[in-house]
Amino acid sequence: MIQDSSKENYSPSEDRTKSTEENSSLKLVSSENLPAKQTPSRIKVRELVLGIGVGIIGTLAITKLVSVSPETSSDSATLVLTETQGTAQRVTVGRVDVDFVNRTLKATGTVAAFESIPILSPANGLQIERIFVDEGDIVKPGQLLATLDNSVESAQLQQAQATIAQREARLAELRAGNRVEEIAQARASVQQIQAQITQAEADLALAQRRVERNRSLVVDGLISRDRLDELLNNAQIKQGILQQFKASFQEAQEQLSKLEAGPRKEVIAQAVAELAEAKAQYQINAARLKDTKIISPVGGKISQREARVGDITKSSQALFTIIENNRLELQVKIPETQLTLIRPGQTVKITSDADSNLKLQGKVREIEPIVDETSRQATVAVDLPRQTALRPGMFLSVDIVTNSSRTLTAPMNAVLPQTDGSYLVYLVQADNTVKAQVVEVGEILPNQRMEIVQGLKSGDRLVLKGAAYLKDGDPINY
């Protein structure tokens, strides 16, 4: 229990001495109070976190020092400091979480045309008649580049059209078949026989009912056996008449089908096949005529023009070469020792030192199978988005995401750098005290978090604000 001093014993020099002693008792935790094992960290991480920690410590220390007014007595200052030391320090607390962290490989690359497309003539042995483009011209997909002599192909197409018309007329004549009157008569015969079948079925049903009624009369002796036999014979006659009508109906239907289909099915089938052949020949001739027009399959820039009016086309000779427009790739040089980290489909973040606003994202398309013997590097092709700002020959920086792993992360302001190069955190215990814990840190991550390599586990609670005034075992309040 601190006793309050009387005003008679007050001395300015004594007050300054006590204040100095009390202020000196506010010490930061140094590496001398930590475990002997220290873990090295990256220099950049240490400098950044050390700068933040020193700033926080200085600000809080100044706040504490100026909180005691010069007009306050030494006893009052001692009382304030003693009460602060005796009570729980109010702090804020954060958690250690498990997050996904992308590991990246830094490299540089050059923008290049995605593909140079040679344009060949699909028709061989034809003379070039006209040329519509020259080197340096910008062309669109489907644009006409040149035409070939097509006099023979045009004549063949007209001949195929005439053949189709002739064979269509022949097929129509065969399909017309018999006269309409004959077909109508056969259809009426079918309907008549169908009516007779209906009547015969009714007569048979009546005869069968009579037989069934008279069977019981014979048993009772009310009629003779001969009468029942007569009824049975009549029912059999009705059954025979019905079968005859059904047979006649089948014949009439077949006759009607023949009349409707025509007299010679095999002739019609042959005519159908001949018409199909003529149409196929027409398609071939139309395709040959179309091949006399040289069309650009893509949009781009004419880099070479080998075609000349009057030349005869060859299947192995390119008439034009087009650099496809807006289809660019980034050719990145990767050392052979790091090729195992690259695979198709990986995300690539792209920036430019010349243009800070240029921030793109691409994907690894392929890895060239040959490693340069001199530089010991291989070329990795990266697909680029369609960007008007990109030009072949541009030099860009890339970060290739090699993998994504789960790692422990902690709020960056919970990690305190120490003078010996180690890093310290204050773990919140179940009894609301803190434990000083040395940790090994990794990379600085987005959202003001830091990778924890060793020393913590997921779910641990760490002191954030107020850690500068703590030491191992201190009580806290949050």
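Couple of notes before you dig in:
- Checking the stated criteria, Ser257 turns out not to satisfy the condition of being small (Gly, Ala, Ser) and touching a Phe, Trp or Tyr at 6+ places or on another chain (Cβ under 9 Å).
- Total residues in region 418-430 satisfying the condition of being open to solvent by 20 Å² or more (accessible area, probe 1.4 Å) and in contact (Cβ under 8 Å) with a residue 40 or more places away in the chain: the figure is 2.
- The residues of region 96-135 that are farther than 13 Å from Glu306 by Cα, open to solvent by less than 20 Å² (accessible area, probe 1.4 Å) and in a loop (DSSP other than H, G, I, E, B), listed by number, are Val96, Ala123.
- Taking the criterion of being among the basic types (Lys, Arg) and over 37 Å from the mean Cα position of the chain (by Cα), the residues of region 305-356 that qualify are Arg305, Arg308, Lys314.
- Unmet requirement for Ile183, which otherwise passes all of (1) of a type in the set (A, V, I, L, M); (2) in contact with an Asp or Glu (Cβ under 8 Å, 6 or more places away or on another chain); (3) part of a strand (DSSP E or B): (3)
- Check on Leu232, in contact (Cβ under 8 Å) with a residue 12 or more places away in the chain and either open to solvent by 50 Å² or more (accessible area, probe 1.4 Å) or assigned to a helix (DSSP H, G or I) (or both): yes
- As for region 396-404, it holds no residue that is surrounded by 13 or more Cβ atoms within 10 Å (Cβ to Cβ), at pLDDT below 90 and more than 23 Å from the chain's Cα centre (by Cα).
- Filter pass, Ile322 being touching a residue at least 60 places away in the same chain (Cβ under 8 Å), open to solvent by 80 Å² or more (accessible area, probe 1.4 Å) and either of a type outside the set (Lys, Arg) or under 30 Å from Asp137 (Cα atoms) (or both): no
- Number of positions in region 243-283 that are under 20 Å from Arg187 (Cα atoms), free of Cβ contacts under 8 Å to residues at least 60 places away in the same chain and open to solvent by less than 60 Å² (accessible area, probe 1.4 Å): 4
- The condition (being more than 24 Å from Ser404 (Cα to Cα), open to solvent by less than 20 Å² (accessible area, probe 1.4 Å) and of a type in the set (Asp, Glu)) is satisfied by just one residue among Glu373, Glu329: Glu329.
- Output for region 439-457, where each listed residue is open to solvent by 20 Å² or more (accessible area, probe 1.4 Å) and either closer than 16 Å to Gln418 by Cα or not polar (S, T, N, Q) (or both): Glu440, Glu443, Ile444, Leu445, Pro446, Arg449, Val453, Gly455, Leu456, Lys457
- Of the residues making up region 332-362, those that are in contact with a Ser or Thr (Cβ under 8 Å, 6 or more places away or on another chain) and farther than 15 Å from Thr108 by Cα are Leu341, Gln346.
- When the residues of region 378-395 are filtered to those that are closer than 15 Å to Thr110 by Cβ and of a type in the set (D, E, K, R), the one that is surrounded by the most Cβ atoms within 10 Å (Cβ to Cβ) is Asp383.
- Hits in region 282-317 (condition: modelled with pLDDT of 90 or more, in a strand (DSSP E or B) and in contact with an Asp or Glu (Cβ under 6 Å, 6 or more places away or on another chain)): Arg305
- Total residues in region 458-471, condition more than 20 Å from Phe100 (Cα to Cα) and open to solvent by 30 Å² or more (accessible area, probe 1.4 Å): 4
The values are calculated or read from the model by the stated rules, or taken from the named source; none is laboratory data. This one's a predicted model, so the numbers in the text were calculated from it and none came from an experiment. Neighbour counts run over all protein chains shown; Cβ positions are idealised from the backbone, glycine included. For the accessible areas, the whole protein counts, side chains as well, though only heavy atoms, and no ligand, DNA or RNA atoms are used. Shrake-Rupley method; radii C 1.70, N 1.55, O 1.52, S 1.80 Å.
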